[in-house]
Amino acid sequence: MNAASASPAGVPAGGAGVVPRHVAIIMDGNGRWAKKRHLPRVAGHRKGVEAVRATVEAAGEMGIGVLTLYAFSSENWRRPAAEIADLMGLLRRYIRDELDSLARNGVKLRIIGDITRFDRDLVTMLEDACTRTARNERLTLVIALNYGGQDEIARVARQLAVAAAGGTIDPVTIDAAMIEDRLDTAALPPLDLLIRTSGERRLSNFLLWQAAYAELLFVDTLWPDFGAAALADAVADFGRRNRRYGGL
Ligand code: FPP
C-alpha cells in the first residue's frame, strides 16, 4: 500500500507539490526577538502581528485551506497584566485594521478556545468579525484564544457526560467521531502540518487531539521573522514527508 492509499479520505498524503489543507502554527519567539534588539517585549509582539499579516496572505496565495494560529493560550494568563493588556490591544487593533482586507480577500475568520473570559467589547468584535466573514471560502483563519487542548477535550467530556446522564446519548456509543464533532475545530479539515517557531520542541497544550496524525515541524526562526518564505519552506518540507497513518 502506498502513502496515498493509506491516508484517510480527503487527507493529503504528502509528496512533492502537495499543499497541506490545514496548517497550524505555535507562534513563539516574540520576546526573544525583542530582547536581541534591546527592545521591550511588546515590540516583539507588534512585529509578530506583521508576521501574522504576511503569513495569512501567503497561506491564501498558496492555496492552504485553513490556517490556525495560537495567539493566546489558556496558560498565557500567567504573564504580567501589562503584557496581557498589550496582547489584547494588538488583537483588537489587528481585527480593526485587517477586517476589511480579510473580508475582501475571501478569508473566513473563526475563533477556537474559551473567550468568555475576555472583555465583552472584544468578544463582540470577534463575534461580529466571524459573522461578517462566515461566507468566505478562500482561506479559513482560525485564531486560538484562551485555548488549551486539555481544556477543549475536558469541555467535550463534560458535554458528553451531561448528555449521557440526561439519557440523550448512550455512553457505550461514544467514539472518536463523536468527540471530534464537539471539539472547537469541528468540521475543519484534519490538521496536516503543525509548525512551532523559535527552536522549542513542545506542543504546549495546542491541538492535542488534532495533532494525532499531523506532521510536526520545529523551526529555529523566531516568529517575528516568519512570513511567506518560511511558510513556503515549511510546505516544501511537508511535501517530502511520507504519511502512513499507521499503515505501511
Ligand atoms: C509567543 O512569543 C507569542 C505569543 C504568546 C503571542 C502571539 C501573539 C501575537 C503574534 C499577536 C497577536 C495575534 C494575532 C493573531 C493578531 P513569546 O512572547 O512567548 O516569546 P518568547 O518565548 O521569546 O518570550
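Where a number appears in this text, it was derived from the coordinates with a stated rule and is not lab data. Computed from a predicted model, the values in this text were never measured in an experiment. Here the Cβ positions follow ideal geometry from the backbone for every residue, glycine too, while neighbour counts run over all protein chains shown.
Numbers for the structure displayed
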quantity: Directionally averaged projected area (convex hull, Cα atoms, the chain), nm²; calculated: 14.6 nm²
quantity: Per-residue HN-Hα couplings for the stretch 29-37 [Karplus 6.51, -1.76, 1.60; θ = phi - 60°; Hz; x = Gly/Pro]; calculated: x, 4, x, 5, 4, 5, 4, 4, 9
quantity: Most positive-pole-ward Cα, GLN210, THR68, VAL156, against dipole of the chain from beta carbon charges; calculated: THR68
quantity: Proximal aspartates and glutamates relative to LYS35, as straight alpha-carbon distance under 15 Å, when same-chain residues fewer than 8 apart are discounted; calculated: GLU83, ASP225
quantity: Under Karplus coefficients 6.51, -1.76 and 1.60, residue-wise ³J(HN,Hα) of the stretch 166-171 in Hz, glycine/proline x; calculated: x, x, 7, 10, 8, x
quantity: Pairwise Cα inverse-distance average, inverted: Kirkwood Rh of the stretch 132-248 (Å); calculated: 16.8 Å
quantity: In Hz, Karplus ³J(HN,Hα) per residue of the stretch 180-195 (6.51, -1.76, 1.60; θ = phi - 60°; x = Gly, Pro); calculated: 4, 5, 10, 5, 4, 8, 3, 6, 7, x, x, 6, 9, 9, 10, 10
quantity: Convex hull per residue volume in Å³, alpha carbons only, for the stretch 36-90; calculated: 99 Å³
quantity: Value at 222 nm in deg cm²/dmol, rounded to 500, when DSSP H runs of n ≥ 4 in the chain each add -39,500 (n - 2.57); calculated: -13500 deg cm²/dmol
quantity: For peptides 67-80, 127-140, 41-54, sequence by mean Cβ density within 10 Å, most packed first; calculated: 41-54, 67-80, 127-140
quantity: Environment charge at ALA43 (Cβ cut-off 15 Å; Lys +1, Arg +1, Asp -1, Glu -1); calculated: +4
quantity: 5 angstrom amide H check on GLU215, placed H, neighbours 5+ away; calculated: LEU193, LEU194
quantity: Kirkwood-based shape ratio for the stretch 72-178, expressed as Rg/Rh from alpha carbons; calculated: 1.07
quantity: Relative contact order [Cα under 8 Å, 6+ residues apart], the chain, whole percent; calculated: 34 percent
quantity: Volume per residue of the C-alpha convex hull in the stretch 133-195, rounded to whole Å³; calculated: 133 Å³
quantity: Overall dimensions of the stretch 184-248 by Cα: Rg and Dmax, Å; calculated: 12.8, 39
